[in-house]
Structures are given as structure tokens and as C-alpha cells.
Amino acid sequence: MISNQIKRLIVIAGPTAVGKTDFAIKLAQYLETEIISADSRQFYKELNIGTAKPSPKELSLIKHHFIGSHSIHDYYNVAQFETEVLNLLDSLFKKYNEVIMVGGSGLYIDAVCNGIDELPDVDEELRQELNEIYEEEGITAIQEKLKFLDPEFYETIDKSNPKRIIRALEVCIATGQKYSEQRSNKNKERSFEIIKVGLNKDREQLYERINLRVDQMVSSGLVEEATGLFESRHLNALNTVGYKELFDHFLGNITLEKAIEKIKTNSRRYAKRQLTWFRKNESYKWFNPNELEEVIDLIKRT
RNA sequence: GGUACCAUAGCUCAGUUGGUAGAGCAACGGACUGAAAAUCCGUGUGUCCCUGGUUCAAAUCCAGGUGGUACCA
């Protein structure tokens, strides 16, 4: 009976600190289902306070996936996430008609919803080589390389963004083909339907919540957590708001007070970037986090 | 109560011999397919405290008021 029904993925997205975790748990309780986290920092088992992971109590209420599922020492990327989530959904949809995916990492959500092109993973050595060229010879050096290897892509790319340029170069060099020719610009077919819910609040209220939450993180021991991770600060997983500012303080560059202030500022900016990402996607229906009933209505009607 | 100094963007402040204003931070808008809490691009948002005066023209000079700070009583 259950297996004949249409399967649906309910995506809950929105800026940091808007109240996604709590909302998703309530919705999961109503739908009697499980939650997949789409948060590129909550994957890491070593990061807890600074990533605002659901609490042990919250985790005991509803089964969560991709919370603390990986280590900061392991390489991880969006494509792996897409594969792992699709596999997981296969099994979850055998038990449930609806599954919830909640998170703030737009790229990761899109990879699950629309798919991502099959391109080679990063070759660490090649990336390092290109980074060295960038650091030693400047952005012009890598711009010129890309202009030569993939002029079409070079024309459309953000030319002052070194990470974009280096990624495109990696693909061109690793495959011997142009990056632009390997991108399909097509969404992959999914065997399930997707309902996208965006959560947002008044900007002023959101910022108050962000500021308050940072203070709470500090009282819960964020500084101590960061101290324990100081030796790992070079890892990509720790290029993260809440940690990098404290590392800067440990290095003696800024006061603790200043570091905390910067965590707040950087969190606000992160929230803004998240909103930019989600807003341009017209398939999101927007709600205030206190509108659980309205979202349930939407799910029933759709 | 008296004297001095100050009042310009959300904040801290610049502003020349009078020609309706600009820096840092904050903020705002955007881009983004294997680093994405990353990375990158763009944008001054103003009753120059108020009222009156001088002047072709006032943030700027003058008078008064209001608010603040310091010192003296």
C-alpha cells in the first residue's frame, strides 16, 4: 500500500538561526518520519557547539541523518553528499511517504534536488599546484591558463574569484576536456516529488536571534571547543564561522571580545548569502517558523 | 547656576579661505556545479540638532534655543 504512493521530499531551507531545527522536528513528528540534514558543517562529528547542531535531546526525538556522520579529517564534497542522500532516500522511502531534508547549505540541497554533473573529484596534488601558482604569480596567471584551456567558460566566469578559476582548471587538466563542455546545465530526474519550504523572519529579529545564539554558544563552551580544535585549524572544515575568528584570537591577533563580535557579524553575513541563494529559486514557498500549521496545509494540499 | 568644548550616515569621525558632504566599520543588493558557514562582485543609505540672522550662496560665520561632556561653584 505504502509503496504505491508518491514519495515526497520536504525540503526546509532558510538562513542560519531562523529556527529550522525546531521546525523540522515538529514537522517530522507530525508526519512520523525522519530528517536528513543538509548542513555542510553539521556533518562533522568534531564540531558541535559552533555549528548549532540539534541537541542530544532533539536527536532523541526524531532520527536524524548526516549529523556528526563524518570527520573533519576526511575529505568530503557535494557530489558524495548527493550520492549518499539518494541511497539513503531509497531506503527511507520504503518506510515513509514523506522524508524531510533540512539545512542551510544551498549547494548541497540543490545537488540532492537537481543533481550535479559527473565531473572528476579533486586531485589534491593538482589543486595544490594551482594554488601555488595563484599565490606566487597572482590571479592573472590562473586567468591566463583558463583563457587558454577554456575560453568559453572564461568569458562567463567571475574572473576575480580564484576558487572558481582553479576548479575549472582542475577539471580541464584532469579530463583533457573543457569544463564548459562537461557541464550539462540540465536537472537530473528524480523518482520522488519535492516540496520546498523556505523559512524566514524579519531581518531585525533574525539578527537578534543570531547575536543571542552566539552569546549562548560562548556560554556553552564554544571557546573551549575551539581550543581543542586549534591544531586542526588548517582543515577546510574549520574554515568556519565561530571557529576561525577564535583561532585568530588564540593567535593573538584580536581580543576575545572582538572575536565574538566578528562571529556575530560573519554569521549575519552568512545568513544574508543564504537568503540570496534561496530567494533566487522560485520554487520555494516562504513561511515564518511559527507557521507550522500553514506548512502542514501546504503539504496536504500539494 | 557659571564657563569651556561638542552636536555631520546605524556607529566612530573627516570636512580647507562659505559654493548643499565623505572615510572606516556596520548595513544593503548580487554571483556561485566537488573548498559552499567557502570564495567573489557591486551599492552611501544624510532634516549636516532646532529657530532666526548675515550672504548671490551656510555643515562652515553670528545670535538664541535644545541636548551632551568637562571643569568651576
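The values are calculated or read from the model by the stated rules, or taken from the named source; none is laboratory data. This one's a predicted model, so the numbers in the text were calculated from it and none came from an experiment. Note: ideal-geometry Cβ built from the backbone for every residue, glycine included; neighbour counts use all protein chains shown.
Looking at segment A:47-63, is at least one residue surrounded by fewer than 14 Cβ atoms within 10 Å (Cβ to Cβ), more than 17 Å from A:Lys196 (Cα to Cα), at pLDDT 95 or above and within 18 Å of the chain's Cα centre (by Cα)? Working first, answer last.
Of segment A:47-63, the ones surrounded by fewer than 14 Cβ atoms within 10 Å (Cβ to Cβ) are A:55-57, A:60, A:63.
The next check asks that each one be more than 17 Å from A:Lys196 (Cα to Cα); those that pass are A:55-57, A:60, A:63.
Narrowing the set further to residues that are at pLDDT 95 or above leaves A:55-57, A:60, A:63.
With the extra rule that they be within 18 Å of the chain's Cα centre (by Cα), the set shrinks to none.
No, segment A:47-63 contains no residue that is surrounded by fewer than 14 Cβ atoms within 10 Å (Cβ to Cβ), more than 17 Å from A:Lys196 (Cα to Cα), at pLDDT 95 or above and within 18 Å of the chain's Cα centre (by Cα).
Looking only at helices (runs of 4 or more DSSP H) that lie completely in segment A:176-270, which have at least 1 residues being within 11 Å of RNA strand B (Cβ to nearest atom) and in contact (Cβ under 8 Å) with a residue 40 or more places away in the chain? Before the answer, list the steps.
Details: elements: A:179-182, A:203-219, A:222-229, A:244-250.
Of the helices (runs of 4 or more DSSP H) lying wholly inside segment A:176-270, those with at least 1 residues that are within 11 Å of RNA strand B (Cβ to nearest atom) and in contact (Cβ under 8 Å) with a residue 40 or more places away in the chain span A:179-182, A:203-219, A:222-229.
What number of residues in segment A:70-85 are out of contact with any strand residue (DSSP E or B) (no Cβ under 6 Å at 6 or more places or on another chain), within 11 Å of RNA strand B (Cβ to nearest atom) and part of a loop (DSSP other than H, G, I, E, B)?
2
If I filter segment A:26-33 for residues that are modelled with pLDDT of 95 or more, assigned to a loop (DSSP other than H, G, I, E, B) and over 20 Å from A:Tyr207 (Cβ atoms), do I get at least one hit?
The answer is yes, given that some residue of segment A:26-33 is modelled with pLDDT of 95 or more, assigned to a loop (DSSP other than H, G, I, E, B) and over 20 Å from A:Tyr207 (Cβ atoms).
Does segment A:86-130 hold any residues that are within 8 Å of RNA strand B (Cβ to nearest atom) and either in contact with a His (Cβ under 8 Å, 6 or more places away or on another chain) or farther than 28 Å from A:Thr51 by Cα (or both), and which are they?
Correct list: A:Asp117, A:Glu118, A:Leu119, A:Pro120, A:Leu130.
Report yes if A:Leu169 is touching a residue at least 60 places away in the same chain (Cβ under 8 Å) and in contact with a Phe, Trp or Tyr (Cβ under 9 Å, 6 or more places away or on another chain), otherwise no.
Details: touching a residue at least 60 places away in the same chain (Cβ under 8 Å): no; in contact with a Phe, Trp or Tyr (Cβ under 9 Å, 6 or more places away or on another chain): yes.
Here the answer is no, as A:Leu169 does not meet what is asked.
Can A:Lys20 be described as at negative phi, more than 15 Å from RNA strand B (Cβ to nearest atom) and charged (D, E, K, R)?
Here the answer is no, as A:Lys20 does not meet what is asked.
Across segment A:94-104, which residue is farthest from the chain's Cα centre (by Cα) among those that are outside any loop (DSSP other than H, G, I, E, B) and surrounded by 21 or more Cβ atoms within 10 Å (Cβ to Cβ)? Lay out the reasoning, then the answer.
Taking segment A:94-104 first, the residues outside any loop (DSSP other than H, G, I, E, B) are A:94-95, A:98-103.
From what's left, surrounded by 21 or more Cβ atoms within 10 Å (Cβ to Cβ): A:98-103.
On the way: A:Glu98: 22, A:Val99: 18, A:Ile100: 16, A:Met101: 12, A:Val102: 10, A:Gly103: 7 Å.
Only one residue fits best here, namely A:Glu98.
Being in contact with an Asp or Glu (Cβ under 6 Å, 6 or more places away or on another chain), closer than 30 Å to A:Arg190 by Cβ and more than 10 Å from RNA strand B (Cβ to nearest atom), is that true of even one residue in segment A:137-157?
Taking every residue of segment A:137-157 in turn, none turns out to be in contact with an Asp or Glu (Cβ under 6 Å, 6 or more places away or on another chain), closer than 30 Å to A:Arg190 by Cβ and more than 10 Å from RNA strand B (Cβ to nearest atom).
Take A:Asp117 and decide whether it is acidic (Asp, Glu), touching a residue at least 24 places away in the same chain (Cβ under 8 Å) and within 26 Å of A:Val214 (Cα to Cα). Please lay out each step first, then the result.
Details: acidic (Asp, Glu): yes; touching a residue at least 24 places away in the same chain (Cβ under 8 Å): yes; within 26 Å of A:Val214 (Cα to Cα): no.
Considered against the rule, which asks whether it is acidic (Asp, Glu), touching a residue at least 24 places away in the same chain (Cβ under 8 Å) and within 26 Å of A:Val214 (Cα to Cα), A:Asp117 comes out as no.
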